[in-house]
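Data first, discussion second: the structure below is written as structure tokens.
Every read-out reported here was derived from the displayed coordinates using simple, explicitly stated rules and does not represent laboratory data. Worth saying up front: this structure is predicted, and the values here are computed from it rather than measured. Cβ placement follows ideal geometry from the backbone for every residue including glycine, while neighbour counts extend to all protein chains displayed.
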């Protein structure tokens, strides 16, 4: 035996029945029952915005009985919808057949709350109608407001952090440059092997710290969106030579065969921020040394 088919006929909905016929009992039509118990407010209005049907949710939200709501016009519960705006709204609605928009509703006690409305055009022998499903978005708005506040707090905290790191980095840079300068001068002199070893270690440590500070400064500029590229013409081959010189000593100490193979398609001269490109290449090369899988 085949299962009975459920057919949907809009004319059988409670919208086109008298108010006395809409009762929540076991014999109620399935669609009628679903609309009455729906969480969203449901309105059926004539072309002049007169309400001819509302469900239970609409009555609870607005604080009116069905008898009070039937016959009311949209501007009587929507403070953002003036009476004179209805004709143009209706014409636009009929041309589009369905619309989605946000507005506010006012309860019988005068309380106002935000809503989202999805409205559909319907026509039968009795005339033209607007079927509106209304969702109270009060809680969603509260969540969005809290998210915006949290975002502003986080943004402010991030700005303070970036400014702090930038200030500390700049303040550290001054004495560090002095250390690099003095140890560099001392290394040019003839020193006993033991003392030279001490000074070289101090110079190397200071240089590594200076590079770390440069990375911190670059990070703070990127995070605070204050990094401004300075594009100029530069020689790419010269940049590669500097990179090669920078890592030759390090590669010898670590026993790594370090070579740079430049593709013939790479132009001799280029246009861009040479300092930023150099920092990016240094970062990549540092990682290559740190995470190398072989001795080449």
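Odds and ends about this structure:
- Each of 273, 257 has some number of other Cβ atoms within 10 Å of its Cβ, and from fewest to most they run 257, 273.
- Length gained on full extension, residue 91 to residue 191, computed as 0.36 nm times the residue gap minus the Cα-Cα distance: 26.6 nm.
- Mean Cα-pair separation over length for region 59-125, i.e. relative contact order, pairs under 8 Å, 6 or more apart, %: 31 percent
- Were the residues from residue 262 through residue 141 laid out at 0.36 nm apart, the gain over their Cα-Cα distance would be 37.9 nm.
- Principal semi-axes in Å for region 143-227 [√(5λ), Cα gyration tensor, largest first]: 43, 10, 8
- Placing pseudo-labels 7 Å out from each Cα toward the beta carbon at residue 152 and residue 281 gives an inter-label distance of 4.6 nm.
- Efficiency of FRET between residue 271 and residue 244 - r from beta-carbon atoms, R0 25 angstrom, step 0.05: 0.65
- Net lengthening on full extension, residue 66/residue 288 (0.36 nm per residue, minus Cα-Cα): 72.5 nm
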